[in-house]
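Everything below concerns the one structure shown next.
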Amino acid sequence: MSWFIPRAGFLERLSEEEKMRLGQICPPRSYRKAEAVFLSGDACDELTVVLDGMLKIVRHGPSGKERILHLSGPGDILGAEFLEDGAVYKADAVCTSDGVVTCPINREQFVQVARELPRVTLSLVGSLAAHLTHLEDQIESATAPVVVRLGRVLTWTARRFGRDEPDGWVRIESELRQEDLAAMSGSTRVTITHTLGRLRELGLVEGTRGRYRVRLEPLERTIEDLLWES
């Protein structure tokens, strides 16, 4: 998904004055739960910065069954290919909570932002550089064992969308079915079921039926150890 930049840090690089002017040039949009920000096949003619709330990036199979490919939250950027002629979205972006707010930037607005707010443009370039690093991590993970890929999905999701609980546990605040974990990990549902069982036996993961919690730091250490052993 080359058009998706996770946790780009774009907002953190901007001053309050720059954020205010950006909002004036590119007025925010608000969405309710289950509303789509865009659908697969729509023209990718806007850069979308997520300001608040959570979205799921999903695809649908031939039978119409939904698969979550990624979760998106504040600071994420969607539509990185909006300057490319003929670009289209390859998945749906659907709100999983009320109060989702985005900042859409079309081509004309982008030119105005570049002219008036050069630091914002530089921040976007920095986000693209971060995107390249993310792609390198994805390439590394593609050849890693399934337990490493699944572990990274769980730890990333827990850090982005988790709630701290006692004894080092973090509850993931989003329902993730095993089919979703399989899609996000590049594996199959059967393999994910087996791998989750292995992580449960190690005392690193608890839960089922889409609701999970993880022992975050021990899981991260285990992932790194397994990665070096592979």
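The values are calculated or read from the model by the stated rules, or taken from the named source; none is laboratory data. As the structure is a computational prediction, the values presented were derived from the model and not from experiment. Glycine gets a Cβ as well: all are built from the backbone with ideal geometry, and neighbour counts include every protein chain shown. Keep in mind that these areas ignore ligands, DNA and RNA; they rest on the heavy atoms of the full protein, side chains included. Shrake-Rupley method; radii C 1.70, N 1.55, O 1.52, S 1.80 Å.
Among the residues of the range 113-135, those that are open to solvent by 20 Å² or more (accessible area, probe 1.4 Å) and modelled with pLDDT under 65 comprise 132, 133, 134, 135. With respect to the conditions (1) in contact with a strand residue (DSSP E or B) (Cβ under 9 Å, 6 or more places away or on another chain); (2) open to solvent by 30 Å² or more (accessible area, probe 1.4 Å); (3) closer than 28 Å to residue 50 by Cα, residue 151 falls short on a single one, namely (2). Of everything in the range 192-211 that is open to solvent by 50 Å² or more (accessible area, probe 1.4 Å) and within 23 Å of the chain's Cα centre (by Cα), the residue that is modelled with the lowest pLDDT is 209.
Within the range 36-72, the set of residues being at pLDDT below 85 and among the small types (Gly, Ala, Ser) comprises 61, 63, 64. Those strands (runs of 3 or more DSSP E) of the range 32-106 in which at least 2 residues are more than 19 Å from residue 120 (Cβ to Cβ) and out of contact with any helix residue (DSSP H, G or I) (no Cβ under 7 Å at 6 or more places or on another chain), considering only elements entirely within it, cover 36-38, 55-60, 66-72, 92-95.
Taking the conditions exactly as written (surrounded by 15 or more Cβ atoms within 10 Å (Cβ to Cβ) and modelled with pLDDT of 90 or more), does residue 91 satisfy them or not? Answer is yes for this residue. One residue stands out among those in the range 33-55 that are within 22 Å of residue 90 (Cα to Cα) and of a type in the set (D, E, K, R): the one that is surrounded by the most Cβ atoms within 10 Å (Cβ to Cβ), which is 46.
Every residue, every condition in (1) touching a His at 6+ places or on another chain (Cβ under 6 Å); (2) at positive phi; (3) surrounded by 19 or more Cβ atoms within 10 Å (Cβ to Cβ); (4) hydrophobic (A, V, I, L, M, F, W, C), yes or no:
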site	(1), (2), (3), (4)
27	no, no, no, no
30	no, no, no, no
57	yes, no, yes, yes
63	no, no, no, no
69	no, no, no, yes
74	no, no, no, no
81	no, no, no, no
